[in-house]
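Trainee: I have a structure I would like to understand better, so I am pasting it below and will then ask my questions one at a time.
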Amino acid sequence: MQFLKNTIILLYTIWIATALGGVIEHTLRNVDSFSVSGKAPEGSPFDSVTVEKMPPYDNKPKYKVIKKNGWSQIPFIIISDQDRDAKVTSSDNKTVYASTVEMGILRINSDFSKAKVLMSEKMQNLTTKLNYDGRGAEFSDLKWFDGNLMTVDDKTGVIYKLKGKKLVAQAIMDDGKDGERLYKGEWLTVKDQKMYVGGYGKEFTSGNGTTITNEDPFYIKVYDRKMGKTTVNWKNNFIAVRASIGIVFPAYIVNEAVQWSDIHQKWFFLPRKVSKNPYTDEDAEKAGSNIMIMADENFKTFKRVDVGNKKADQGFSAFQFVPGTKDQLIIALKSKEVENEEVSSYIMVFNINGKVLYGPRQIPGSFKMEGIEFFDWMNEFQPMKSQNFLFPPAPRTTRSLSPQPQKVNKLLTPSYTTFSVKNCEDSSKLSVLEGGSGKLERSNSIVPTRLSISLCPNMTTSQIMSIKKSWKHINTKGLFNVLRRCYQRCQCCCPTVALAFSAERVKKQKNLLSCGVSEHTKYFISLLDRIIDNEPNIEQELRNVGKKHVKLYEEYKLGTADIERLGEIIADVFLKLDGIRQNKETSKSWRILIASIIDEVRVGYENELRLYRRKSAIPVDSNISKNNNHNSNSYLEEHQIYPEGSHTSEITTHHQIGKICKKMEEF
């Protein structure tokens, strides 16, 4: 009888436990996250036990895809790895490490047969003090992971997440398996809700590339959502990938761009370098790759696809699948690093069959861009008050008080409502802007009957031809940085110019549009383009530029001597450029052109200055800028203002929304 009673009690207890357990289980399944803590059972090696449920994986896109008129528009950012140039000095004389973020828009049509890329003039510097042996902020990729935008520093081995304009360190990686050195992470991807961080996938070798000295680069790091790390030896996978295209040691592949596709259930490799020779620094400079390799999940089957034409000095540094295309389209970056040349980067769009839809088109500036990701930069980096247009123009981020010329190069000014370039949709120039996928058709055997440059009416046909030919050459050789240095040299020579460019650090100006060194540089390049294309009314535009700069006379005593000094600096720099200095006729032609430009600007300045003096009854002093150098220097020193670009230049991390919007560059 007692046995029966105990059995009934036991069954009743089991039934209650089961019922309550089901209720608890049902409840917890519908809770995003929970944590239960308690004391560990006796005899357990642990003091306490915690049961935790993670919130659902966050794979919601952090950007908006805007569709209109058969086109989709997606914002993206790219991030730089400037190597040793990342080390800079801030305005308070402290060493920091900076990486530049550029922003753009990708446009694709509904059947994925066409693509366009627009780059904003807006840039954002991300800075950190974290470094290893004087190197830091050398970011190699970008990737969304569980709702966070991640990046990796290939010098310090640190993984960061981007929170607005801040870098928040998440983990630090050791090389290989429990190595003493720091891990050189080159690519990021996500698979099965885990983040994979990989490197070159190539063994270290001796100087001649034939002897293996270290195999640590074969290891990758895998992080879960709690940033728990697992180190995995991928040696067999990397060797299988390179063997699939006939590369066997001491031949090599260098990987910087790897992604996993959930849709295709495949790994995609876009190598930076591919060579059948042993690795040497000299060979690596000309081992650029245009190859894409697809591998199944187990690295058993492979497929090779050639993407566009091979450029020996360019190789892939990053890519992402384009959202909404079922991983059929890819946007990618290529980089160029050659000894004694400025680094450069290129952007392109293609499908997984290798058909190029856009580019590769060079990105302005001497940046080595090594990471790309889709990102709502309009709101994260600079909130916009109005969203009445498809894509809000980027705000101007400058410190100068020099007014911006009203007219800008039509090739650099898209319509913000349609993203098309006004008057260029059907022109041959557009195909050139489309990144070289088309060619500007022009007969080389026929010389135009009206070859002229209205700004220089006395130029001979041969002089004009030499300018046009040399312009094509120098405009692809890092011209932005060349001209930027001209303005920076002018600041060093003319304190009043430095004062004008840096004045926003001292006090807020209410009635002047801001336009800094970068904006002046880009405008001057577009101006030269239009002058050489012989656009009408260019003389009046130049005079208007001079006229507008009179606004800087009263506050900073900017004078004609400063304008002429800038012209001398530009002429001095241009006449030393390859493509100009080798030919006396070409040098003479450029000297005439630059002098004509400065003359028109000076005429506009002087005419407006006369009117200003009459109204203000100020004594005439055409060399006012020279006479005020001492006072300006004192003012600069008193307020600790230095020329932008000098070793004490301020590292800009944010700017207020300006009165005017930045233009977008359509390539």
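Trainee: Taking the Cα-to-Cβ direction at E180 and at R614 and moving 7 Å from each Cα, how far apart do the two end points lie in nm?
Mentor: Going by the 7 Å Cα→Cβ label model, 8.0 nm.
Trainee: Given the Cα-Cα distance of I263 and K94 and 0.36 nm per residue of separation, how much length would full extension add, in nm? Each step should come with its number before you reach the end.
Mentor: Working: separation 169, 0.36 × 169 = 60.84 nm, distance 4.72 nm.
Value of the extension gain: 56.1 nm.
Trainee: At what distance in nm do the modelled label points of Q2 and H473 sit from each other, each positioned 7 Å from its Cα along Cα→Cβ?
Mentor: 11.0
Trainee: With a Förster radius of 60 Å, plug the Cβ-Cβ distance of S452 and E554 into 1/(1 + (r/R0)^6) and report the FRET value to the nearest 0.05.
Mentor: 0.95
Trainee: Here is a follow-up. Just rank D85, D306, fewest to most, by other beta-carbon atoms within 10 angstrom. List each step's numbers first, then the result.
Mentor: On the way: D85 14, D306 11.
Least crowded to most crowded, the residues run D306, D85.
Trainee: Evaluate E = 1/(1 + (r/R0)^6) for K68 and N277, where r is the Cβ-Cβ distance and R0 equals 41 Å; express this FRET efficiency to the nearest 0.05.
Mentor: Values: r = 50 Å, r/R0 = 1.21.
After rounding, the FRET efficiency stands at 0.25.
Trainee: Okay, next question. Counting other beta carbons within 10 Å of each Cβ, put W377, W187, W234 in order, fewest first.
Mentor: Ordered by Cβ neighbours within 10 Å, fewest first: W234, W377, W187.
Trainee: Over every pair of different alpha-carbon atoms in segment 195-296, take the mean of 1/r and invert it; report that Kirkwood radius in Å.
Mentor: Result for segment 195-296, one decimal place: 14.3 Å.
Trainee: Follow-up. Applying the Karplus parametrisation 6.51 cos²θ - 1.76 cosθ + 1.60 with θ = phi - 60° to the phi angles of segment 89-102, what ³J(HN,Hα) value in whole Hz is obtained for each residue in order, glycine and proline being reported as x?
Mentor: Result, ordered by residue: 10, 7, 5, 9, 6, 10, 7, 9, 10, 10, 10, 9, 10, 10 Hz.
Trainee: Please list, ordered by chain and number, the residues whose modelled amide H lies under 5 Å from the amide H of T280; skip anything fewer than 5 residues away on the same chain.
Mentor: none
Trainee: Please rank H264, H473, fewest neighbouring Cβ atoms within 10 Å first, as an exposure proxy.
Mentor: H473, H264
Trainee: For segment 311-367, which GluC sites (Glu not before Pro) are in a loop by DSSP, counting at most 16 other Cβ atoms within 10 Å?
Mentor: E339, E341, E342
Read the figures in this text as sums done on the coordinates, not as results from a lab. As the structure is a prediction and not an experimental result, all values here were calculated from the model. Note: ideal-geometry Cβ built from the backbone for every residue, glycine included; neighbour counts use all protein chains shown.
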